[in-house]
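First the structure, in the form of structure tokens, and then the observations on it.
The values are calculated or read from the model by the stated rules, or taken from the named source; none is laboratory data. Note that the structure is a prediction, hence the values are computed from the model and not measured. Heads up, the Cβs are rebuilt from the backbone with ideal geometry, glycines too, and the neighbour counts pull from every protein chain shown. Calculation scope for accessible area: heavy atoms of the full protein, side chains included, ligands and nucleic acids excluded. Shrake-Rupley method; radii C 1.70, N 1.55, O 1.52, S 1.80 Å.
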Amino acid sequence: MKQKSIIIGCYALLILIGGIIGYIVANSLISLTVSSGFALLLFICVAYIWKGEIRAYDIAAALVLLLFAF
């Protein structure tokens, strides 16, 4: 279970880095804001997964699917 939370945490970090790059390269504040929000929500899910909350997997999966839609 901890391995999956580490993977989700790495994905959240990549999302945050992508938003920072978008802000630096294109001066896109919306990119930074949205990526920070999604990364924060995913990091919260990681914390709950680490504690053993199974529902956090569902929320993290929904967030990832929402990101893939855009």
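Being in contact with a Leu (Cβ under 8 Å, 6 or more places away or on another chain) and either among the hydroxyl-bearing types (Ser, Thr, Tyr) or open to solvent by 50 Å² or more (accessible area, probe 1.4 Å) (or both) is a condition met by no residue of the stretch 48-56. Taking Phe68 as the residue in question, decide whether it is modelled with pLDDT of 95 or more and aromatic (Phe, Trp, Tyr). Considered against the rule, which asks whether it is modelled with pLDDT of 95 or more and aromatic (Phe, Trp, Tyr), Phe68 comes out as no.
When residues in the stretch 19-70 are screened for being among the hydrophobic types (A, V, I, L, M, F, W, C) and under 15 Å from Ile8 (Cβ atoms), 24 of them pass. Where helices (runs of 4 or more DSSP H) sit wholly within the chain, those with at least 1 residues that are in contact with a Ser or Thr (Cβ under 6 Å, 6 or more places away or on another chain) occupy 2-26, 29-51.
Filtered by the rule that a residue be modelled with pLDDT of 90 or more, open to solvent by 80 Å² or more (accessible area, probe 1.4 Å) and over 12 Å from Leu41 (Cα atoms), the stretch 1-15 gives Ile6, Ile7, Leu14.
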